[in-house]
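Okay, structure first, notes after.
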Amino acid sequence: MKRLNLMVATTVGTTLEGYDFFLFGACAMLVFDKAFFSPNDPIVASLLALGTFSAGFLARPLGGILFGIAGDHYGRKRMLVISVLMMGIGTFATGFLPTYASAGIFAPLALVTLRIIQGIAFGGEATGAILIVSESMPAERRAFWTSFTMFAGPLANVLTSFVIWTLQATYSLEGFVNGGWRIAFFMSGFLVILGFWTRRRVEESPVFLEYAQNSAQVERAPLKQALRYNYVEMLQVFFVKAAENTFLYIFSTFLLFLATSYLKFPRQEALIALLRASAFEVVVVLVSAHISDRAGRRPVLLVGLVTAAAASFSLFTLQPGASYSSLQLAVLCCLSCHGIILGAMAAYMAELFPTKTRYTALSSSYQLASVAGGSVAPLIGTLLLQTTGSAVTVAFYASAVAIPALISVYLSRESRGIDFFGSERNETPDISINMGPTAESGAHA
């Protein structure tokens with residue numbers, strides 16, 4: 001029952017926070033350029049709306065560091081409760097914001113402020129959920145259980161796409177743009193209550209409790225220790241997460257712009273294509289995680305990165321006039337390959353670090369990668385499309401981001417099945433780089 005409570009709380013909470021974050025991203029592409037910026041130049045307004053979307057990412061490293069340090073000192077559970085409250089309140093308040101027509105420059109400034117609050121909260125949420133699950137569940141099934149925190153992203157995409165599609169179908173596209181979008185943000189009021197209630201019932205990570213009880217002193221400077229002893233592992237996380245996040249946001253947020261502005265599909269059809277593919281990705285994540293628990297983290301990640309890069313060309317070589325079935329198939333392939341990465345990624349990253357600095361080291365590198373990857377991916381994609389007139393350049397951009405991740409995973413040691421308990425006996429862990437064959441026992445906790 002304790003394990004069930006944990007999985008429900010982390011999956012529900014992370015899905016709700018993903019909903020908040022993706023809802024803002026989707027509305028930045030569909031609504032915010034019209035509601036919060038001057039209508040005189042539509043292209044500039046679109047770029048500024050994407051800029052507010054990126055502002056949340058810029059705040060995520062700060063959240064990762066703050067929540068990480070606090071989580072390594074006070075525990076994982078408290079941080080998860082605080083993060084879901086911050087995220088939900090920030091999203092709910094967005095629904096009350098005045099538009100540019102009624103408040104002028106105050107409207108986009110208030111929008112950016114709330115987006116930054118969201119970013120700080122999400123900075124501690126994503127990795128906190130990964131860690132409390134990875135430290136609480138059996139090591140031999142760690143990838144499968146941590147994958148629930150990963151498929152929360154696709155699940156949030158499904159929820160976001162469904163809500164927006166329903167509102168547009170109910171109020172029409174014009175009604176959605178003129179104010180119906182606010183309902184989607186008001187819904188987070190209910191979601192945050194549900195997330196708060198489930199997380200209050202979760203117990204603290206047993207691995208952290210063992211560390212706190214057996215250590216003479218809880219690490220007071222985890223960031224300093226992580227940068228000193230785990231900088232290579234932090235780089236590994238950075239490269240893998242940057243690649244994964246780039247794929248995610250060009251396959252989802254940028255997709256909406258590509259499908260509607262370049263390929264000329266109706267917004268409803270673009271949302272449905274994203275919804276279907278995201279739903280299927282949830283299944284792929286679970287299957288990929290199961291394989292990772294049997295075959296290892298490295299082979300699954302390598303396959304996912306290579307196939308995601310290849311699949312991006314199927315989407316970004318589509319031309320105006322392409323059939324809807326071609327779009328749906330391409331999006332399905334892209335998000336399925338992205339799901340392969342997600343299946344092994346959470347366990348792979350958690351197994352790189354010792355307990356005393358795990359939250360700080362993982363959160364800071366993970367969220368810095370989100371800035372380098374997801375925050376700029378829709379913006380770079382839009383600029384490439386506008387300047388070159390060809391979407392295939394976006395596929396080359398995403399593939400280039402994947403190259404450092406491929407090298408990093410290839411050189412890393414296999415860590416499948418490693419035991420977190422009692423892992424603090426080694427004060428200075430070995431660097432987790434392998435120039436030779438994989439060795440399951442070679443990684444440290």
Filter region 221-249 down to residues that are of a type outside the set (S, T, N, Q), modelled with pLDDT under 95 and closer than 16 Å to Tyr397 by Cα, then give me how many there are.
2
Among the residues of region 370-388, is any without any contact (Cβ under 8 Å) to a residue 12 or more places away in the chain and of a type in the set (S, T, N, Q)?
yes
Can you find a residue in region 343-363 that is closer than 18 Å to Pro61 by Cβ, surrounded by fewer than 20 Cβ atoms within 10 Å (Cβ to Cβ) and modelled with pLDDT under 95?
no
What number of residues in region 1-47 are surrounded by 24 or more Cβ atoms within 10 Å (Cβ to Cβ) and not in a helix (DSSP H, G or I)?
2
Return the only residue of Leu275, Leu301, Leu368, Leu315 being within 17 Å of Thr246 (Cα to Cα), at pLDDT below 95 and not hydroxyl-bearing (Ser, Thr, Tyr).
Leu368
Quick check: is even one residue across region 395-413 at pLDDT below 95, in a loop (DSSP other than H, G, I, E, B) and under 30 Å from His290 (Cβ atoms)?
yes
Could you please let me know if Gly373 is modelled with pLDDT under 90, surrounded by 20 or more Cβ atoms within 10 Å (Cβ to Cβ) and within 30 Å of Leu258 (Cα to Cα)?
yes
Does Leu383 count as open to solvent by 20 Å² or more (accessible area, probe 1.4 Å), out of contact with any His (no Cβ under 7 Å at 6 or more places or on another chain) and part of a helix (DSSP H, G or I)?
yes
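The rows are residues; the columns are (1) more than 30 Å from Ile132 (Cα to Cα); (2) at pLDDT 90 or above; (3) of a type in the set (Gly, Ala, Ser); (4) touching a helix residue (DSSP H, G or I) at 6+ places or on another chain (Cβ under 6 Å).
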residue: Ser38; (1), (2), (3), (4): yes, no, yes, no
residue: Leu47; (1), (2), (3), (4): yes, no, no, no
residue: Gly56; (1), (2), (3), (4): no, no, yes, yes
residue: Arg60; (1), (2), (3), (4): no, no, no, yes
residue: Gly64; (1), (2), (3), (4): no, yes, yes, yes
residue: Ile69; (1), (2), (3), (4): no, yes, no, yes
residue: Met79; (1), (2), (3), (4): no, yes, no, yes
Of those in region 48-74 that are free of Cβ contacts under 8 Å to residues at least 60 places away in the same chain and open to solvent by 30 Å² or more (accessible area, probe 1.4 Å), the residue nearest to the chain's Cα centre (by Cα) is Leu66
Checking Thr253 against (1) in contact with a Ser or Thr (Cβ under 6 Å, 6 or more places away or on another chain); (2) of a type outside the set (Gly, Ala, Ser); (3) modelled with pLDDT under 95, only one condition comes out false. Which one?
(1)
Suppose we keep only residues that are in a loop (DSSP other than H, G, I, E, B) and of a type in the set (S, T, N, Q) within region 188-215. Which one would you say is nearest to the chain's Cα centre (by Cα)?
Ser205
Scan region 203-213 and tell me whether some residue there is buried (at least 18 other Cβ atoms within 10 Å of the Cβ), touching a Ser or Thr at 6+ places or on another chain (Cβ under 6 Å) and under 28 Å from Phe280 (Cβ atoms).
no
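The values are calculated or read from the model by the stated rules, or taken from the named source; none is laboratory data. This structure is a prediction, so every number in the text was calculated from the model and none was measured. Cβ sites come from the backbone with ideal geometry, for glycine too, and all protein chains shown count toward neighbours. These area figures cover heavy atoms from the full protein model, side chains too; ligands, DNA and RNA do not enter into them. Shrake-Rupley method; radii C 1.70, N 1.55, O 1.52, S 1.80 Å.
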